[in-house]
Amino acid sequence: MNASLPQLRIALLLGVASVLATLALFPYMLALKPGALELVSAMLGVPPIALIAFQALQNGLLYFLLAWAGLKLGAPLGLGAPWLGAWLYRRPRPSTASWWQAAALGALAAGAILGAIALFGAPLDEAAPAHTPAAWKGLLASFYGGIVEEVGLRVFAMGGLAWLLARTTDGAPRTWVMIAAIIAAALLFGLGHLPAAAQLGPLTAAIVTRVIAYNALAGLVFGALYWKRGLEHAVLAHFCADLVLHVAAPLAQA
């Protein structure tokens, strides 16, 4: 069997999942920016449903390619999606799993972020209008974080960075290589949230610092799980963290 096929098939599955996760994100995004879709639709002369479908398919193709590249680069370093691989190819499953641990770590990461917000302030300008989408919309949006963001940041960014750093040694997954890749990907994860923050208010130095720091904190947890347990555990942790931040927290404040 061609050695690239396992990565290709897993990447295809992740690409399809990215399409569905992107579709699930739209109710949340439209609650944050009411009227934005209609405005873009009117400007382009394209029906809103067509814009949504195009964005979902575009993300599906993009994250399929990112997943394929990241899985191929990370495979020699022991990075990948072992449970998906076992399911797709009817191979023996990994001998160890820590699903409850991953879920708990994700929830704890979210709790740490909420604690940091209470101590140091929210990652939004105080003058920005408050937007709190309904809990069910936060639930749907959590699939985007768990799937799409993990493919982009852990599979591609972390896997690619680890591969590059390993080239400076003997190509082995040395501990310092993996830790450096985890930290770098976590910082990129934080930076990646700045455009969304900018849409909700001005980006001051304090806001930028909070957005990067809060998200990087969670990114360190997800990266460590990707390294030690595989993509599936990182996805579960990210999903549970988003459930706390976008479902449980808003319900508690209601």
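Which of (1) modelled with pLDDT of 95 or more; (2) of a type outside the set (D, E, K, R); (3) surrounded by fewer than 17 Cβ atoms within 10 Å (Cβ to Cβ) is the odd one out, the single condition residue 134 does not satisfy? Evaluating residue 134 over (1) modelled with pLDDT of 95 or more; (2) of a type outside the set (D, E, K, R); (3) surrounded by fewer than 17 Cβ atoms within 10 Å (Cβ to Cβ) leaves (1) as the failure.
Just to check your reading of the model, which residue among 119, 114 is surrounded by fewer than 21 Cβ atoms within 10 Å (Cβ to Cβ), at pLDDT below 95, assigned to a helix (DSSP H, G or I) and not β-branched (Val, Ile, Thr)?
Only one candidate passes the filter, namely 119.
From the list 203, 225, 231, 187, which one is open to solvent by 30 Å² or more (accessible area, probe 1.4 Å), aliphatic (A, V, I, L, M) and either at pLDDT 95 or above or under 27 Å from residue 85 (Cβ atoms) (or both)?
On the way: 203 fails: either at pLDDT 95 or above or under 27 Å from residue 85 (Cβ atoms) (or both); 225 fails: open to solvent by 30 Å² or more (accessible area, probe 1.4 Å); 231 fails: open to solvent by 30 Å² or more (accessible area, probe 1.4 Å).
None of the others qualify; the one that does is 187.
Considering segment 59-101, and only residues there that are part of a helix (DSSP H, G or I) and open to solvent by 90 Å² or more (accessible area, probe 1.4 Å), the residue that is farthest from residue 143 (Cα to Cα) turns out to be 72. The residue pairs whose first member lies in segment 44-55 and is under 12 Å from residue 23 (Cα atoms), whose second member is open to solvent by less than 50 Å² (accessible area, probe 1.4 Å) and of a type in the set (A, V, I, L, M, F, W, C), and whose beta carbons are closer than 9 Å, counting only pairs six or more residues apart or on different chains, are 51/37; 52/26; 52/37; 54/46; 55/26.
Just give me the residues in segment 23-51 being in a loop (DSSP other than H, G, I, E, B) and charged (D, E, K, R), in sequence order.
Quick first cut of segment 23-51, residues in a loop (DSSP other than H, G, I, E, B) only: 33-35, 45-47.
Of everything in segment 23-51, just one residue is in a loop (DSSP other than H, G, I, E, B) and charged (D, E, K, R), namely 33.
Taking segment 153-174 on its own, how many of its residues are open to solvent by 10 Å² or more (accessible area, probe 1.4 Å) and more than 16 Å from residue 225 (Cβ to Cβ)? Before the answer, list the steps.
Keep residues of segment 153-174 that are open to solvent by 10 Å² or more (accessible area, probe 1.4 Å), which gives 153, 156-157, 160-161, 163-165, 167-174.
Subsequent filtering for residues that are more than 16 Å from residue 225 (Cβ to Cβ) retains 156, 160-161, 163-165, 167-172, 174.
The total comes to 13.
Among the residues of segment 207-216, are any modelled with pLDDT under 95, over 20 Å from the mean Cα position of the chain (by Cα) and under 26 Å from residue 33 (Cβ atoms)? Scanning segment 207-216, I find at least one residue that is modelled with pLDDT under 95, over 20 Å from the mean Cα position of the chain (by Cα) and under 26 Å from residue 33 (Cβ atoms), so the answer is yes.
Taking the conditions (1) surrounded by fewer than 21 Cβ atoms within 10 Å (Cβ to Cβ); (2) small (Gly, Ala, Ser); (3) in contact with a Phe, Trp or Tyr (Cβ under 8 Å, 6 or more places away or on another chain) in turn, residue 56 satisfies each one other than (3). Report, by residue number, each residue of segment 22-39 that is without any contact (Cβ under 8 Å) to a residue 40 or more places away in the chain and surrounded by 13 or more Cβ atoms within 10 Å (Cβ to Cβ). Residues satisfying the conditions are 23, 26, 30, 37.
The values are calculated or read from the model by the stated rules, or taken from the named source; none is laboratory data. Computed from a prediction, not measured in an experiment: that's the story for all the values here. Glycine gets a Cβ as well: all are built from the backbone with ideal geometry, and neighbour counts include every protein chain shown. Calculation scope for accessible area: heavy atoms of the full protein, side chains included, ligands and nucleic acids excluded. Shrake-Rupley method; radii C 1.70, N 1.55, O 1.52, S 1.80 Å.
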